[in-house]
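Below is one structure; the comments refer to it alone.
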């Protein structure tokens, strides 16, 4: 069984989704949201990110990691809550000898890498393919599915 764990980071939240392949079918095996206090000092935030990410990896035991990569930091919040936690994930991936695939928002807009019509917006197909999974089933959660889905297709 192949398990790909996708991440999407936002202020005060880490979203993750585990896609697994069994008997040729790719399904959403689990998903979650980790909330944290965004007002913590940076050393405490870094510790919280590391602890939370390690807990998620221990629980899900993926073979591959994927994450949404933000590369344009117009605000301090973007740098602090989207770019910095990704650095924690990259360090954890390195220490666990797990491959980490990174995708920008732009790389998730065409259907072609997902095996869909190139004009199809993949985020609009997540519910059709993997189902709707409330609570907190929104585009941030769907993006964690998208990065895992794309990494699975490229593995």
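The values are calculated or read from the model by the stated rules, or taken from the named source; none is laboratory data. As the structure is a computational prediction, the values presented were derived from the model and not from experiment. Here Cβ is always computed from backbone atoms with ideal geometry, including for glycine, and neighbour counts include all displayed protein chains.
How many residues does segment 92-127 contain that are under 24 Å from residue 10 (Cβ atoms), part of a helix (DSSP H, G or I), out of contact with any strand residue (DSSP E or B) (no Cβ under 6 Å at 6 or more places or on another chain) and free of Cβ contacts under 8 Å to residues at least 40 places away in the same chain? Can you show your working first?
Within segment 92-127, the subset under 24 Å from residue 10 (Cβ atoms) is 92-94, 96, 98-110, 113-114, 121-127.
If we keep only those that are part of a helix (DSSP H, G or I) as well, we get 92-94, 96, 106-108, 113-114, 122-124, 126-127.
Among the residues that remain, those that are also out of contact with any strand residue (DSSP E or B) (no Cβ under 6 Å at 6 or more places or on another chain) are: 92, 94, 96, 106-108, 113-114, 122-124, 126-127.
Filter once more, keeping what is free of Cβ contacts under 8 Å to residues at least 40 places away in the same chain: 94, 96, 106, 114, 122-124, 126-127.
Residues in segment 92-127 being under 24 Å from residue 10 (Cβ atoms), part of a helix (DSSP H, G or I), out of contact with any strand residue (DSSP E or B) (no Cβ under 6 Å at 6 or more places or on another chain) and free of Cβ contacts under 8 Å to residues at least 40 places away in the same chain: 9 in total.
Hey, among 25, 95, 44, which residue is at pLDDT below 95 and farther than 20 Å from residue 140 by Cβ? Quick ask: steps written out before the conclusion?
On the way: 95 fails: at pLDDT below 95; 44 fails: at pLDDT below 95.
None of the other options fit; the residue is 25.
Residues in segment 2-31 that are at negative phi and without any contact (Cβ under 8 Å) to a residue 40 or more places away in the chain: 20, 22, 25, 29, 30.
Anything in segment 64-78 that is surrounded by 14 or more Cβ atoms within 10 Å (Cβ to Cβ) and modelled with pLDDT under 95? List them, or say none. Residues satisfying the conditions are 69, 70, 78. Residues in segment 59-87 that are under 23 Å from residue 149 (Cβ atoms), under 14 Å from the mean Cα position of the chain (by Cα) and part of a helix (DSSP H, G or I): 60, 82, 83, 85, 86. The set of residues in segment 103-133 that are crowded, with 17+ Cβ neighbours inside 10 Å and within 30 Å of residue 41 (Cα to Cα) contains only 103. When residues in segment 135-155 are screened for being assigned to a helix (DSSP H, G or I) and touching a strand residue (DSSP E or B) at 6+ places or on another chain (Cβ under 8 Å), 13 of them pass.
For the criterion of being surrounded by 13 or more Cβ atoms within 10 Å (Cβ to Cβ) and assigned to a strand (DSSP E or B), residue 45 fails. Could you check, for segment 79-98, whether at least one of its residues is surrounded by 12 or more Cβ atoms within 10 Å (Cβ to Cβ) and closer than 16 Å to residue 19 by Cα? Yes, there is a match, as at least one residue in segment 79-98 is surrounded by 12 or more Cβ atoms within 10 Å (Cβ to Cβ) and closer than 16 Å to residue 19 by Cα.
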